[in-house]
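Please read the structure below before turning to the comments.
Computed from the coordinates by the stated procedures, all read-outs in this text should not be read as laboratory data. This structure is a prediction, so every number in the text was calculated from the model and none was measured. Glycine gets a Cβ as well: all are built from the backbone with ideal geometry, and neighbour counts include every protein chain shown.
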Amino acid sequence: MQHAQKPILGFAAASGTGKTTLLTQLIPLLKQRGLRVGLIKHSHHSFDIDHPGKDSYRLRMAGASPVMLVSKYRYAIINEFETPEEPSLDRQLKILDQSGLDLILVEGFKAEKFPKIELHRPSLQRPLLFPDDPDIIAIASDSPVEAPESLVKLDLNRADLIARFILEHYREFK
């Protein structure tokens, strides 16, 4: 990743495995340990962060791009792609202000080359990703999984232990 100024760690899994649920548990644990955490989430769906009837929506529909919304609490930049295409993680890293971060977590972008934790639930009957992805550094599962000893095995239901693994792995980047 050419534009990664900070360590990045991804979470890869089939839809419905619980990536977002796990991340909502992990982020507070990492923040409690003093890490400033950013996140990039890939969506396969179209989405709007502004809505019909709102001024920002009306201005964007009129053709403004980008549109920047600002309040004393947060800001958002909405930019339309001229030609719709699958986004690359590296391009998103180029856009992301990484200056105030210690770690960037990534949900999705599982086909790209960067360190990832694979989430796996055997009950969903989906194939494991690690045999075809050398960038997977650990597997978090809710049941035992046969995998090479080189891959760390984590309990998907123990966010505290996954956070500890991330903190230990993150120290290697410093």
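So here's what we get for this one:
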quantity: Peptides ranked, highest mean first, by Cβ atoms within 10 Å: ranges 116-127, 54-65; calculated: 116-127, 54-65
quantity: Full-extension gain in nm, Gln2 to Lys72, via 0.36 nm per residue minus C-alpha separation; calculated: 21.9 nm
quantity: Sum of -39500 (n - 2.57) over DSSP H runs of 4+, divided by residues of the chain (222 nm, nearest 500); calculated: -7500 deg cm²/dmol
quantity: Over 18 Å (Cα to Cα) - which of Lys19/Lys110; Lys19/Lys153; Lys41/Lys72; Lys19/Lys41; Lys6/Lys116; Lys31/Lys113 fall in this group; calculated: Lys41/Lys72; Lys31/Lys113
quantity: Ranking of Phe165, Phe11 by count of other Cβ atoms within 10 Å, fewest first; calculated: Phe165, Phe11
quantity: Which of Glu168, Glu149 has the fewest Cβ neighbours within 10 Å, and the rest in rising order; calculated: Glu149, Glu168
quantity: Set of region 62-86 residues, backbone N closer than 16 Å to the point 7 Å along the Cα-Cβ line of Ser99; calculated: 75
quantity: Rel. contact order, % - alpha carbon contacts under 8 angstrom, at least six apart, the chain; calculated: 33
quantity: Reported label for calculated Rg and Dmax of the Cα atoms in Å given (1) 19.9, 77; (2) 17.9, 56; (3) 26.4, 103; calculated: (2)
